[in-house]
1. Could you please tell me which pairs satisfy a Cβ distance under 8 Å, a separation of 6+ or placement on different chains, a first residue in segment A:120-141 that is under 29 Å from A:L108 (Cα atoms) and in contact (Cβ under 8 Å) with a residue 24 or more places away in the chain, and a second residue that is in a loop (DSSP other than H, G, I, E, B) and among the aromatic types (F, W, Y)?
2. Can you pull out every residue in segment B:60-79 that is at the interface with chain A (Cβ under 9 Å from one of its Cβ atoms) and without any contact (Cβ under 8 Å) to a residue 60 or more places away in the chain?
3. So which residues in segment B:39-66 are among the acidic types (D, E) and either at pLDDT below 95 or out of contact with any strand residue (DSSP E or B) (no Cβ under 8 Å at 6 or more places or on another chain) (or both), if there are any at all?
4. Residues being part of a helix (DSSP H, G or I), of a type outside the set (D, E, K, R) and within 18 Å of A:L97 (Cα to Cα): count how many of those fall in segment A:24-80.
5. Take the residues in segment A:94-127 that are of a type in the set (A, V, I, L, M, F, W, C) and in contact with a Pro (Cβ under 7 Å, 6 or more places away or on another chain); name whichever of them is surrounded by the fewest Cβ atoms within 10 Å (Cβ to Cβ).
6. Can you report the number of residues in segment B:34-51 which are loosely packed, with under 15 Cβ neighbours inside 10 Å and either farther than 26 Å from A:G145 by Cβ or among the aliphatic types (A, V, I, L, M) (or both)?
7. When the residues of segment B:9-19 are narrowed to those that are surrounded by 13 or more Cβ atoms within 10 Å (Cβ to Cβ) and either more than 14 Å from chain A (Cβ to nearest Cβ) or without any contact (Cβ under 8 Å) to a residue 12 or more places away in the chain (or both), which ends up farthest from B:K51 (Cα to Cα)?
8. Within segment A:106-145, which residues are within 14 Å of another protein chain (Cβ to nearest Cβ) and either under 14 Å from A:G192 (Cβ atoms) or in contact with a His (Cβ under 6 Å, 6 or more places away or on another chain) (or both)?
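The values are calculated or read from the model by the stated rules, or taken from the named source; none is laboratory data. Given the structure is predicted, the values throughout are model-derived calculations rather than measurements. Backbone-built Cβ (ideal geometry, glycine too); neighbour counts: all protein chains shown.
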Amino acid sequence: MKSAVVLLPGLNRDRDMIAALTKISGQAPATVWQTDTEIPDVDLIAIPGGFSFGDYLRCGAIAARMPVMRAVAEKAAKGVTVIGVCNGFQILVEAGLLPGVLMRNASLKFVCRQVKLQIANANTMFTRGYQPGQVIRSPVAHHDGNYFADADTLARLEGEGQVVFRYADGTNPNGSINDIAGIVNDKGNVLGLMPHPENLIEAAHGGNDGRALFESALGIAA
Amino acid sequence: MKARITVTLKNGVLDPQGKAIEHALSGLGFDGVGQVRQGKVFDIELAGTDKAKAETDLKAMCDKLLANTVIENYSVAIT
């Protein structure tokens, strides 16, 4: 399965994402730079975490207006799988590929710790490798992960099963509404999540709770 | 031409930064400080003299980049 990783100035989790995709898919992902207007023919596009453009203006706001994001939007419209992690999630909401917004953490503090995630919908292309309601572990590291959407959008997300990951067991690190940690778009091929599943894919990481997400998205049987 | 764009959070959107500032002001002894909401100001220099066109452009800038209209309102003033 072929994948591509989007590179932008200020991202710092790109090497983690490249390593995870290489190990899980068996081949190194292509990389695309912010000014690229074309993305190679791939099955999955990943936007890693970090601090694109120094988080200036709003997290992800400037990255979302770069040429490469128009190319990502075109691919997403054609049904290509897209995953945005952390800053990647912020970029996807700023680009309008996912609804809502990620605001400053309610605590006003940067949080870097492990949280628990409940699989809120196991019937998506990203979570079919998990059991419904299963609780997994995942690291988080962010300052702006407080998900918010207006009441109508929230009702739609909840009603259509677009909330995919929820912080579980009182581990919500940021004040996110309804404990939302990750959502998919209405077509189900674009996922954004604040936690870092790419940092928990093998024994050396202390566990492989995040591995099934990438295996599911890449169509690889566990 | 110069313009000032003010971006503020919509009513009902939680503003933890404004809340922290509100507490800090009370802590400094400023009595009677009610709710504080934090926003952003952009001072922009523009070529040309057509105010109507400038206003249209500035609003487009807000919609496309300067404000996130999910949670923010904006106002445009040309001087």
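1. Close Cβ pairs (under 8 Å, with a partner that is in a loop (DSSP other than H, G, I, E, B) and among the aromatic types (F, W, Y)) amount to A:I136/A:Y130; A:A141/A:F110.
2. B:K64, B:L65, B:N68, B:V70, listed by residue number.
3. Residues of segment B:39-66 that are among the acidic types (D, E), as a first pass: B:43, B:45, B:50, B:55, B:57, B:63.
Correct list: B:D50, B:D57, B:D63.
4. Going residue by residue through segment A:24-80, those that are part of a helix (DSSP H, G or I) are A:24-25, A:52-55, A:63-65, A:67-77.
Within this subset, residues satisfying the condition of being of a type outside the set (D, E, K, R) are A:24-25, A:52-54, A:63-64, A:67-69, A:71-73, A:76-77.
With within 18 Å of A:L97 (Cα to Cα) added as a condition, the list becomes A:52, A:63-64, A:67-69, A:71-73, A:76-77.
Total satisfying the criteria: 11.
5. As a first pass, look at segment A:94-127 and keep what is of a type in the set (A, V, I, L, M, F, W, C): A:95, A:97-98, A:101-103, A:106, A:108, A:110-112, A:115, A:117, A:119-120, A:122, A:125-126.
After this cut, where a residue has to be in contact with a Pro (Cβ under 7 Å, 6 or more places away or on another chain) as well, the list is A:106, A:108, A:111, A:115, A:117, A:119, A:122.
Numbers: A:A106: 16, A:L108: 12, A:V111: 15, A:V115: 22, A:L117: 29, A:I119: 25, A:A122: 17.
Top of the filtered list is A:L108.
6. So the count comes out to 9.
7. Among them, the one singled out is B:P16.
8. Filtering segment A:106-145 for residues within 14 Å of another protein chain (Cβ to nearest Cβ) gives A:106-111, A:143-145.
Correct list: A:F110, A:D144, A:G145.
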